[in-house]
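One structure below.
Values quoted throughout were computed directly from the atomic coordinates according to the rules given, and no laboratory measurement underlies them. Worth saying up front: this structure is predicted, and the values here are computed from it rather than measured. Backbone-built Cβ (ideal geometry, glycine too); neighbour counts: all protein chains shown.
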Amino acid sequence: MGTGITSVLTSTFRLDERGLHMGIQNIQSKEWTVHDQMNAKKQRQKKLRRLEKLIPVFLFLCAIISILTTLGILYTLISSAIGFFGEVSFSEFFLNTEWKPWSGSFGVSPLITGTLLITGIAIIVAIPLGLATAIFLSEYASDRTRRIVKPVIEILAGIPTVVYGFFALTFVTPLIQHVIPDLKIFNALSGGIVVGIMIIPTIASLSEDAMSAVPGNIREGAYAVGATRFEVAMKVVVPAALSGIIASFVLGISRAIGETMIVTIAAGQSPTLTLDPTQSIQTLTSFIVQGTSGDTAYGSTIYYSVYAVGITLFVFTLAMNFLSQYISRRFREEY
Amino acid sequence: MSTIAKPIVKKQSEEKTIEKDSVFGVSNLNLWYGTDQALYDIHMDIYKNEITAIIGPSGCGKSTFLKTLNRMVEMVPIVKTSGTIKYNDENIFDPKYSVEDLRTRVGMVFQKPNPFPKSIYDNVAYGPRIHGIKNKKDLDTIVEKSLKDAALWDEVKDRLHENAYGLSGGQQQRLCIARCLAIEPDVILMDEPTSALDPISTMKVEELVQNLREKYSIVIVTHNMQQAARISDKTAFFLNGELVEFTETDQLFSNPADKRTEDYITGRFG
Amino acid sequence: MPLRNQDDMYKRRKRRTAKNNIFRTLFFTATTVGLIVLAMLIYRVLSQGTGSLSWDFIRNFAAPYPDEAGLLAGIVGSLYLMGIVAIFSIVVGVSTAIYLEEYAKKGKLTTFIQMNIQNLAGVPSVVFGLLGLTFFVYVLDFGYSLLTGGLTMSLLVLPIIVVSSQEALRSVPSELKEASAAMGASKWQTIFRVVLPAALPGMITGSILALSRAIGETAPLLVVGAATAIYSLPDSVVDSYTVMPIQIYSWISKPGDEWPLLAAAGIIILLIFLLIMNTIAVLIRNKFQRRY
């Protein structure tokens with residue numbers, strides 16, 4: 001069939017060419033070719049078009065999965081947490097200062113202080129280093145340096161956390177023990193420091209983006225009156241990019257709160273109500289790992305307590321994420 | 001070159017005015033972008049196998065009008081229209097009217113050459129393929145014929161499978177015309193097709209447009225009055241969303257009926 | 001009296017320049033800290049791990065003695081897991097992105113889906129583990145299986161794929177869509193034949209980055225019950241499994257001097273996988289960058 005049509009096509013094509021040359025119109029030959037073929041396929045095409053109407057439906061269903069995921073998380077956490085608070089009172093959970101689930105003490109505060117301790121140490125490490133890196137890259141470094149250094153810093157964000165955990169336990173802890181001999185093998189300090197290193201790229205990269213977005217003419221104005229680079233950075237660029245910078249801090253904090261493997265490996269599994277960084281502690285996240293791996297029976301109080309801890313963690317990080325989004329939206333600089 | 005072609009043009013358009021064989025009948029057309037009205041009460045007939053030029057200062061609604069003819073204007077979601085456009089006696093705004101069918105019959109060439117990031121061959125074969133033609137030999141024939149009709153064949157026949165982005169701007173625009181010809185539309189809408197091109201490429205495209213008149217009805221928006229005078233049979237002058245004057249090209253440029261047309265073509269504004 | 005004391009200004013300028021130089025050095029040093037830590041981390045892993053690397057290490061299953069233990073179950077498990085994640089998260093993620101960019105009308109629901117995806121990206125991975133534990137392990141009764149792990153991980157990396165695919169779709173010039181629509185192509189034909197091919201490099205890059213996140217994640221898999229030691233390869237998606245990071249974690253937690261060395265060797269293999277994936281992603285990005 002194909003060859004038949006093709007030969008007709010070719011002959012009409014010759015006609016056309018001759019027609020053009022002789023200045024004669026040849027509408028009839030045109031009505032042949034592609035049209036006829038397209039018309040022959042028309043019914044099939046119509047059917048296909050009708051089928052295509054189903055595609056957006058499928059796509060929409062896929063888009064709904066992300067919402068179902070959120071609802072699933074909320075449902076999972078809330079329903080199991082309700083199960084938990086049926087057996088353990090709110091006041092026990094929030095006011096008791098002991099977390100010993102296997103002997104029946106469900107006071108969450110040691111886990112919260114553990115998380116805060118890790119997060120605090122991480123911030124002390126990451127904010128100065130991350131911000132200084134961002135300022136260096138955005139204000140001092142040449143384009144070439146920035147193009148090389150920024151991706152390398154970002155590699156730090158792509159390293160699996162289990163690798164960081166290994167690094168904290170086998171390298172950072174022995175290193176610090178040279179300075180602080182009393183340091184426990186599992187301790188909050190080295191865990192916190194390494195979590196801080198892990199979030200440096202988050203802070204550096206996002207802050208640098210915010211600072212690079214400050215338009216050149218604002219800087220030029222300051223340089224024109226004789227300001228040094230440092231003065232321009234601190235008095236012009238950082239204030240102008242402040243919302244982006246703070247948003248990056250908040251996002252970094254949220255990462256630190258939710259970090260699991262580093263603290264599980266390096267900070268220990270002993271929930272203690274302490275702010276002493278040399279001690280072994282437990283965070284919300286590492287209890288979740290401890291409480292689910294091993295032989296926790298489905299439906300037991302300990303099983304439910306994992307979800308109560310999970311919802312506490314979720315609320316913390318959700319608040320941080322909203323805060324970061326709110327800051328970057330509310331204070332978005334309009335240049 | 002265009003001056004040589006001119007006399008033939010005239011003869012044809014005279015014949016056509018007797019036949020009154022219209023492809024588009026526009027009546028009472030109003031168009032809004034949100035609350036801003038862009039077209040006011042347009043009445044206009046566009047005839048078969050003629051080149052109709054639309055001129056006017058920028059922002060006068062000439063491109064909007066052109067894009068209404070194949071309903072491309074609806075790509076902007078806030079657009080509202082009223083009135084009718086009849087294409088072969090069917091109202092294209094009828095809810096039952098298939099916009100895909102309309103655009104298959106009414107092709108379009110854009111201001112900036114916009115070939116797909118595919119090979120030259122795949123660009124031209126795109127239209128036939130989406131309309132269900134899969135046979136390799138048929139496609140080969142169509143591609144060759146379309147590229148020849150677009151006067152591009154000799155320049156690209158040895159590199160049909162190279163990326164279209166390797167062509168010059170003028171070649172890309174002719175490729176876009178070839179792509180449009182491949183589904184053999186009845187009408188070709190051209191939205192300032194030469195505004196992004198150098199003078200030599202412009203000349204080639206103009207020449208091509210002249211030749212295409214033999215088989216197609218062409219509506220061309222141009223910001224260049226000389227171009228309109230050179231190539232078109234009829235010219236419409238738009239101003240602030242209104243159709244001020246629409247008549248034979250010669251008449252419009254030599255003896256405009258409206259004072260505003262005269263002011264525009266003599267260069268008092270625009 | 002002159003308004004500006006030249007002498008004074010000169011002294012102050014010197015002080016300001018000195019301050020600038022001090023801080024420049026400080027900022028530079030801070031930047032190098034990140035780089036130094038990265039270098040040290042890689043050096044430590046290599047110096048500890050290379051001794052244990054051998055073909056046996058890649059061919060062997062877990063074992064009670066360090067010199068017999070290998071990563072085979074972890075490597076194969078990670079590859080299977082990535083297969084499941086790739087199929088599920090790329091289909092759902094790309095579809096979501098197409099829906100949001102090409103079909104969704106601007107409105108409350110679209111904004112809500114968009115914000116929801118942003119928030120999901122910020123949820124700690126261990127919480128996804130809890131979701132998987134309830135739904136996949138218990139409610140759908142997939143147990144501690146490969147399927148459970150794969151689906152949990154898919155949901156975790158879904159936001160990464162959606163966001164990167166949206167960016168890729170947004171970078172396709174609207175002129176191309178117009179050209180296609182003007183030829184009578186239906187919306188889906190335009191998307192399938194013009195928009196998707198043009199957006200493909202960006203989508204592939206994003207997907208590879210998402211998969212490399214998935215291959216390194218440990219916490220959610222611990223929660224949904226990936227095995228720490230396993231002595232056979234999974235036969236089906238409902239079989240039990242382990243992955244590289246889990247094996248590494250189990251070795252780190254074992255007492256004794258030799259196990260950490262084995263963990264380092266495992267980390268080297270894991271990092272090689274990541275390096276390959278990221279190199280591919282970068283190559284694709286560079287090859288197809290800025291074509292319009």
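How charged is the neighbourhood of A:Val149? Take every other residue with its Cβ under 12 Å from the Cβ of A:Val149, and add Lys/Arg as +1 and Asp/Glu as -1. Before the final figure, lay out the partial values.
Working: positive: A:Arg144, A:Arg146, A:Arg147, A:Lys150; negative: A:Asp143, A:Glu154, A:Glu208.
In short, +1.
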field: Cβ-based charge dipole, segment C:28-182, positive-most Cα from C:Phe61, C:Phe28, C:Gly143
entry: C:Phe28
message: Given Cβ point charges of +1 (Lys, Arg) and -1 (Asp, Glu) and nothing else, what value in debye, to the nearest 20, does the dipole of segment C:34-157 about its Cα centre take?
response: 480
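Mind checking which helices in chain C clear 15 Å along their axis (Cα) and have mean Kyte-Doolittle hydropathy of -0.5 or more, DSSP H runs only?
Membrane-span-like by this rule: C:6-49, C:72-98, C:108-121, C:146-170, C:196-216, C:258-288.
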Residue among B:Leu189, B:Leu181, B:Leu252 with the largest mean-square fluctuation in a Gaussian network model of chain B, springs linking Cα atoms under 10 Å: B:Leu252
message: Can you compute the helix-only [θ] at 222 nm over chain A? Use -39500 (n - 2.57) per DSSP H run of at least 4 residues, normalise by all residues, nearest 500 deg cm²/dmol.
response: -24000 deg cm²/dmol
query: Per residue of A:69-77, how many C-beta atoms from partner chains lie within 10 Å of its own C-beta, taken as a mean?
result: 6
statement: Quick calc, segment C:57-288, dipole around Cα centre from Cβ unit charges on Lys, Arg (+) and Asp, Glu (-), nearest 20 debye, gives 920
field: chain B: relative contact order as a whole-number percent, Cα under 8 Å and 6+ apart
entry: 27
- line: Here the relative contact order (percent) of chain A, from C-alpha pairs under 8 Å and at least 6 apart, is 22
message: When a/c reaches 1.5 or more, the comparison of a/b and b/c decides; with that in mind, is the protein assembly as shown rounded, prolate or oblate per its Cα gyration tensor?
response: prolate
- prompt: To the nearest 10 degrees, how steeply does helix A:27-40 sit against the main Cα axis of chain A, on a 0 to 90 scale?
  reply: 40
- line: Log10 I(q)/I(0) at q = 0.10, 0.18 Å⁻¹ for segment C:57-288, from Debye over equal alpha-carbon scatterers, is -0.54, -1.26
- prompt: Between the DSSP loop rule and a limit of at most 14 other Cβ atoms within 10 Å, which trypsin sites (Lys or Arg not before Pro) in segment C:248-292 are left?
  reply: C:Arg290, C:Arg291
- request: Quick one: order C:Ile215, A:Ile135 by neighbouring beta-carbon count within 10 Å, fewest to most.
  value: C:Ile215, A:Ile135
field: Formal net charge of residues neighbouring B:Val73 (Cβ-Cβ distance under 15 Å; K, R +1; D, E -1)
entry: +2
Residue-averaged [θ]222 nm for chain C, counting only DSSP H segments that reach four residues, each worth -39500 (n - 2.57): -23000 deg cm²/dmol
query: Other chains' Cβ within 10 Å of A:121-128 residues: what's the mean?
result: 1
Neighbour-limited loop hits for trypsin sites (Lys or Arg not before Pro), segment B:44-117 (at most 12 other Cβ within 10 Å; DSSP other than H, G, I, E, B): B:Lys96
message: For chain B, what does the helix formula give at 222 nm: sum of -39500 (n - 2.57) over DSSP H segments with n ≥ 4, over the residue count, nearest 500 deg cm²/dmol?
response: -12000 deg cm²/dmol
query: Taking the Cα atoms only, what angle lies between the long axis of helix A:2-22 and the longest principal axis of chain A, rounded to 10 degrees?
result: 60
- line: Helix A:109-135: inclination vs chain A longest Cα principal axis, degrees, rounded to 10, gives 60
statement: Here the alpha-carbon Rg of chain B over 2.2 N^0.38 Å rounds to 1.00
- prompt: Most exposed first by the Cβ proxy, i.e. fewest other Cβ within 10 Å, how do C:Trp188, C:Trp55 rank?
  reply: C:Trp55, C:Trp188
- line: Label model pair A:Tyr326, A:Lys41: point-to-point distance (7 angstrom along the Cα→beta-carbon line) in nm is 5.6
message: As I understand it, the dipole of the protein assembly as shown uses +1 on the Cβ of Lys and Arg and -1 on the Cβ of Asp and Glu, about the Cα centre. Which of A:Leu275, A:Ser89, A:Leu68 lies farthest toward its positive end?
response: A:Leu275
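Would you mind giving the mean number of other chain beta-carbons within 10 Å of the Cβ of each residue in B:136-142, as a whole number?
Mean number of neighbouring Cβ atoms from other chains: 5.
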Theoretical FRET efficiency, 1/(1+(r/R0)^6), r = Cβ-Cβ of B:Thr266 and B:Asp21, R0 30 Å, to 0.05: 0.35
message: P(r) for segment C:110-216, please, calculated from all Cα pair distances in 5 Å bins and given in %.
response: 2, 12, 16, 15, 16, 14, 10, 8, 5, 3, 0
query: In units of 2.2 N^0.38 Å, what is the alpha-carbon radius of gyration of chain A?
result: 1.57
- prompt: For segment C:32-103 and segment A:153-219, what is the separation of their Cα centres, given in Å?
  reply: 21
query: Where nothing but the Cβ of Lys and Arg (+1) and of Asp and Glu (-1) is charged, how large is the charge dipole of the protein assembly as shown around its Cα centre, in debye to the nearest 20?
result: 1320
message: Projecting each Cα onto the charge dipole of segment A:99-330 (Lys/Arg +1, Asp/Glu -1 at the beta carbon, about the Cα centre), which of A:Leu169, A:Ala256, A:Tyr223 comes out farthest on the positive side?
response: A:Tyr223
